[in-house]
Amino acid sequence: MQDFLNWLGPVWRPHPGQERFLLARAKTKVLACGRRWGKTDACAVQVIAGLGADRPRRTLLVAPTLEQASFLFRRLRGLVEQLVSRGLWELRFPLIPKFRDSKMELTMGEHSVVARSAHSRHHLRGDEASEIIVDEAAYVSGSVVNEVLTPMMATTDGSLTMISTPNGQDHFYEAFREGLENSDEFWSLQAPSSDNPQVRLAFLDRQKKLLSPSAYATEYDAQFVQREGYVFDRTAVDECVVAEPDFDIPGPTIIAVDWARYQDFSALVVVRGFQSRASVLEVDRKHREDWFKQIAWVTDVLARYPNARLICDTTGGGDSITAWLRNELRAVSIKSFVFTTESKPKLVDGLVRAFETRSIQLPPHEALKKELDNFQATRSASGHVQMAAKSGHDDLVMALAMAVSDLPYAHRMILTTNPRR
Ligand SMILES: Nc1ncnc2c1ncn2[C@@H]1O[C@H](COP(=O)(O)OP(=O)(O)OP(=O)(O)O)[C@@H](O)[C@H]1O
Ligand SMILES: [Mg+2]
């Protein structure tokens, strides 16, 4: 590897943390590092090193979303192109890689590299790999790693690299702990963002002021901060995420709107189905738009779902905009929902149950997943349970919870549609 890094030097030089990672030779490598540490760059370089193997090699790049996987793939392509254009590639490799961007695939003789999203669980199954690299591994569900990715290497004696910002004490943490013994099989390292000389100290100081101490410790010092008081079980949420919404799911369509107040976003969620089985069809939000534009926004969404029912937040200023909407859409039934210290926990509880029973399917929406992840319950001195985002927003969570609360129970539908009953 040292020889490989010397050859790569004119185009890319690792910082000391990246060098340790690239030189580690264990079968399973786990690197917990801070934001901007250079994870994606380091993964791309490891893939290039793998192309020098004697035996045919199939490398799989996995990330929580297709966008993140394609980001890594593009970084790989960028580095290869620089090496080719400088005439360095042919000094080390007999062939020039061919890239097929539409399939996110690189081929070079008998070697291939493909990038995939962890959400395409079904497409991943049955595939085989001699090397798997998981970028942002703590955000890929443990069941995908253990039940889908690891078995892909059953016959290839392959290697697995998981690299990520920590995300609480989850499957990634378990894998990290296993690597602390540093055997031939397992290797792991914890590395702060400040390892990367490209990350300015002034930027880190600013982030320290903006974030809570535990968020900073997680995001920039790569600490495995325990997640206490979080409402939604991450594994349950992950297992509810599907690649595409199911528009054919039977049942009524509910559109829920949580109107923005002050700094928040207005959030809109479209759900179809019943309490026992439902699919989220759309998730959207708007920041600081005037009421007029927000009315047009909701009206446009409704035009795509002509038979949908609406449920709107009428807390505070929400009542006047809902009244305006009622005036615009006279024929549509619009329910009101008022957030109070009693109604909010009950609403959230319904959503927790939907995840626990895996009765709801979610599209892979980054902002919604982040909000679900950050959502906390705390008990105030007066004994009231307060529910809100630990940091950031909770508007999408509230819109989703409202929509789910309005889904009917399936048996009601059977009672009304079966004439013999
Ligand atoms: N060894 C290096 N030499 C020069 N630039 C580097 C190096 N490593 C990383 N960088 C640059 O630092 C920035 C952060 O790198 P990268 O995107 O790989 O980090 P990351 O840990 O994946 O970040 P994020 O947490 O945002 O996903 C990028 O602009 C990248 O090109
Ligand atoms: Mg990255």
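The values are calculated or read from the model by the stated rules, or taken from the named source; none is laboratory data. Given the structure is predicted, the values throughout are model-derived calculations rather than measurements. We place every Cβ from the backbone using ideal geometry, glycine too, and count neighbours over all the protein chains shown.
Among the residues of region 351-400, those that are modelled with pLDDT of 90 or more and of a type in the set (V, I, T) comprise V352, T357, I360, V397.
Filtered by the rule that a residue be in a helix (DSSP H, G or I) and within 16 Å of ligand 2 (Cβ to nearest atom), region 1-21 gives G17, Q18, F21. Screening F71 on (1) touching a Phe, Trp or Tyr at 6+ places or on another chain (Cβ under 7 Å); (2) within 16 Å of ligand 2 (Cβ to nearest atom) shows it passes everything except condition (1). Out of T107, T59, one residue alone is over 22 Å from K39 (Cβ atoms), away from ligand 1 (no atom under 16 Å from the Cβ) and assigned by TED's automatic domain parsing to the domain that holds A44. It is T107. Here region 182-211 is the region considered, the condition is being surrounded by 11 or more Cβ atoms within 10 Å (Cβ to Cβ) and more than 22 Å from D41 (Cβ to Cβ), and the residue that is modelled with the lowest pLDDT is N182. Filtering region 35-52 to residues that are more than 20 Å from T150 (Cβ to Cβ) and away from ligand 2 (no atom under 11 Å from the Cβ) leaves V45, I48, A49, L51, G52.
Each row is one residue, and each column tells you yes or no for (1) closer than 14 Å to G168 by Cα; (2) crowded, with 17+ Cβ neighbours inside 10 Å.
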| residue | (1), (2) |
| --- | --- |
| V225 | yes, yes |
| V231 | yes, yes |
| R234 | yes, yes |
| V237 | no, yes |
| P245 | no, yes |
| P250 | no, no |
| T253 | no, yes |
| D258 | no, yes |
| F265 | no, yes |
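In region 258-268, is there at least one residue being assigned to a loop (DSSP other than H, G, I, E, B), under 21 Å from M402 (Cβ atoms), of a type in the set (A, V, I, L, M) and not assigned by TED's automatic domain parsing to the domain that holds E174? Checked region 258-268: at least one residue is assigned to a loop (DSSP other than H, G, I, E, B), under 21 Å from M402 (Cβ atoms), of a type in the set (A, V, I, L, M) and not assigned by TED's automatic domain parsing to the domain that holds E174. Looking at D135, is it surrounded by fewer than 22 Cβ atoms within 10 Å (Cβ to Cβ) and among the acidic types (D, E)? So D135 does not fit the description; no. Run down T40, T59 and say which single residue is outside any helix (DSSP H, G or I) and touching a strand residue (DSSP E or B) at 6+ places or on another chain (Cβ under 8 Å). Going through T40, T59 in turn, just one is outside any helix (DSSP H, G or I) and touching a strand residue (DSSP E or B) at 6+ places or on another chain (Cβ under 8 Å): T59. Every listed requirement among (1) within 15 Å of ligand 2 (Cβ to nearest atom); (2) buried (at least 17 other Cβ atoms within 10 Å of the Cβ) is met by G78 save one, (2). Listed by first and then second residue, the pairs with beta-carbon distance under 8 Å, at least 6 apart or on different chains, first residue in region 188-209 and over 20 Å from P166 (Cβ atoms) and in the same structural domain as T28 (by TED's automatic domain parsing), second away from ligand 2 (no atom under 16 Å from the Cβ) and among the hydroxyl-bearing types (S, T, Y), are L201/S194.
When restricted to residues that are under 23 Å from the mean Cα position of the chain (by Cα), within 24 Å of V62 (Cβ to Cβ) and in a helix (DSSP H, G or I), region 178-208 contains 1. Among the numbered conditions (1) more than 13 Å from ligand 1 (Cβ to nearest atom); (2) touching a Phe, Trp or Tyr at 6+ places or on another chain (Cβ under 6 Å), the only one that P64 does not meet is (1).
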